[in-house]
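Read the structure below first, then the notes.
None of the figures in this text is laboratory data; all of them are computed from the coordinates on show. Remember, predicted model here, so these are calculated numbers, not experimental data. Please note: Cβ atoms are built from the backbone with ideal geometry, for glycine as well, and neighbour counts cover all protein chains shown.
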Amino acid sequence: MLMSFNTAISGINAANKRLKVAGNNIANSGTIGFKSSRAQFSALYSSAQLGSGRNAIGDGVRLAATQQNFNHGDSMTTSGNPLDMRIQGNGFFVVSDKGSLAYTRAGAFLKDAANFVVDSDGGRLQGYAANDKGEIMRGLRTDLQIDTSNVAARATTRVAENINLDASLPSLARLPAFDPADPATYTRAIGRTIQDAGSGTGAGAVPAADHELKQYFVKTGDSQWSMYVLVDGRNPVDPNSVAPLHVTLEQKPNGSLSYSGNSQHLRKISDTEFALQGWRPAHEVNGAWMSNGAASGGAVSLPLIDGSASVLDPADAVMDRPVPAFDSLDLKTYSDMFANAIFDSQGNQHELKQYFVKDGNNSWRMHVLIDGRNPQMPDSTEPLTANIVFDSGGSVRSLTGSAGLVSNNGGGLQLNGWTPAMPAERVTGQDRWVSNGAAGSANGIELDFTNLLQHNAASSRSSTYVDGHAARGS
């Protein structure tokens, strides 16, 4: 009985140790460089039972080992501290405390009063020094120290980012609003003259009058259309309104036609004909439209045939869906934006902004402005633009730039001809910009999109590398 009790106690002790390991992992979830552990257990058997075969009953369980997981994390984020580092893969940081070496995976470093790179305990980070030519001298490990002597300004030459664009965001491309006066907003239009039935007899009779019936068709997708109906340019059942009656049409693979929308007044008769119900004949009096007192004469035929051909022609092009005109001050004209500080040849800081506009399932446009101005012509606010297309896996399939923003065939774009600028009139506030006398990099700025993705997750930027800096002095 006592042995059975001890066996059960061993299980409780093992479970307790497992909980302690899990609790320690949770407690250190925010500790930089912490590596989680896993409890490993082994079964216990008494020596008297060894060799007794499959009928042996064990004596419980014990903690065999606590194993640490040294794999790097799945995600990488920026902390804002340029001395924070992480190890991608195997290895340790080596730090020295008065000659005594220690090894750590924690990459939270800072600069001490003597400009040495140290950890929170003052241990100096070890590395290989560079000679006067900037060449790394391997084999000679030393304390890493940041040189704060005079450093000339350097223009930015490269911007590299890890960006995910949210695949679930809706496209900003929209069909243009239907306008019967603008042929660019519809695919086809057919019209004919119809006549109302007049009203009454004798001196008070209303004679029959002619009216113009027009049907407009917009091809919205493969086998999909919208039909709009107007009489005399007015709503057929409410002549005070110019809003048309509207139904959507879809041709099925078997040739049949389905529809949805205003089924009360636009009813399907067959796959080639609709009927207008409830028409109220009207006329204009002193600039206002009102019923002319005539009867409609019943349902009005709305054929889907123009002559001998169907108006729902599969060969017609789908109506273009333009995106709203880009305006950096209007959040409705772009989907996401990311900004970076960059530098010109004199060390002046500027702000480069990339605006991403989703215009299709796997298609985006990117607009680039520097300080809110065109990088090449700072007197203009028109951006440089590129088109980005992703494949089905969410990776970049193609990058197509424009003048001044060209593909470098290496997973990125080259921004050429940047003219660093400043406002010409700081006092009066006039919106006129001129060159500030500095220059951009002679070879342009590389926008590296090697790690640009489109996945179904919130748009985000996990890390950024931007070279270039202002002048520094001791």
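List of remarks:
- Backbone N atoms of the range 166-190 closer than 18 Å to the 7 Å Cα→Cβ label point of Ala243 belong to residues 176-181.
- Theoretical gain in end-to-end length, Ser256 to Asp84 [0.36 nm per residue, Cα-Cα removed]: 55.4 nm
- Under the Karplus curve 6.51 cos²θ - 1.76 cosθ + 1.60, θ = phi - 60°, whole-Hz ³J(HN,Hα) for the range 286-300, x wherever Gly or Pro sits: 6, x, 10, 9, 8, 4, 8, x, 8, 7, 7, x, x, 5, 10
- Cα-based shape type of the range 75-147, given that a ≥ b ≥ c are square roots of the gyration tensor eigenvalues and the cut on a/c is 1.5: rounded
- Taken along the Cα-to-beta-carbon direction at a fixed 7 Å, the label points for Ile269 and Leu101 span 9.4 nm.
- Ellipticity at 222 nm from helices only: DSSP H runs of n ≥ 4 in the chain, each -39500 (n - 2.57), divided by the residue count, give -2000 deg cm²/dmol.
- For Met85, distant residues with modelled amide H under 5 Å away: Gly107, Ala108, Phe109
- Positive-end residue of Pro82, Leu413, Gly440, charge dipole of the chain with Cβ unit charges: Pro82
- Cross-link partners of Lys98 among lysines (Cα-Cα below 18 Å; sequence separation of 8 or more within a chain): Lys111
- Principal-axis analysis of the Cα atoms of the chain puts helix 2-27 at an angle of about 60° to the longest axis.
- Calculated FRET efficiency for the pair Ser308/Ala205, C-beta based, R₀ 35 Å, to 0.05: 0.35
- Residue by residue, the range 93-99 carries 3J(HN,Hα) couplings of 6, 10, 10, 10, 10, 6, x Hz when phi is fed to the Karplus relation 6.51 cos²θ - 1.76 cosθ + 1.60 (θ = phi - 60°); x denotes Gly or Pro.
- Table column - 3J(HN,Hα) (Hz), the range 330-335, Karplus curve with 6.51, -1.76, 1.60, x for Gly and Pro: 10, 4, 6, 9, 8, 8
- When only the Cβ of Lys, Arg, Asp and Glu is charged (+1, +1, -1, -1), the dipole of the chain relative to its Cα centre reaches about 2240 debye.
- Scanning residues 5 or more positions from Asn436 or on other chains, those with amide H under 5 Å from its amide H are Ala421, Met422, with H placed 1.01 Å from N in the peptide plane.
- Oblate is the label for the range 286-341, because a/c, from the alpha-carbon gyration tensor with a ≥ b ≥ c as root eigenvalues, is 1.5 or above and a/b does not exceed b/c.
- Order by protection proxy (mean Cβ within 10 Å, highest first), peptides 452-462, 325-335: 452-462, 325-335
- Ranked packing of 15-27, 405-417, most packed first, by mean Cβ within 10 Å: 405-417, 15-27
- Per-peptide average of other Cβ atoms within 10 Å, ordering 115-125, 336-346 highest first: 336-346, 115-125
- When both bridge partners sit in the chain, DSSP labels roughly 95% of those beta bridges antiparallel.
- Option label - Cα Rg over 2.2 N^0.38 Å computed here, alternatives [x] 0.95; [y] 1.61; [z] 1.23: [y]
- From the C-alpha gyration tensor of the range 164-282, square roots of 5λ in Å: 34, 17, 12
- Net charge of neighbours whose Cβ lies under 14 Å from the Cβ of Pro244, counting Lys and Arg as +1 and Asp and Glu as -1: -3
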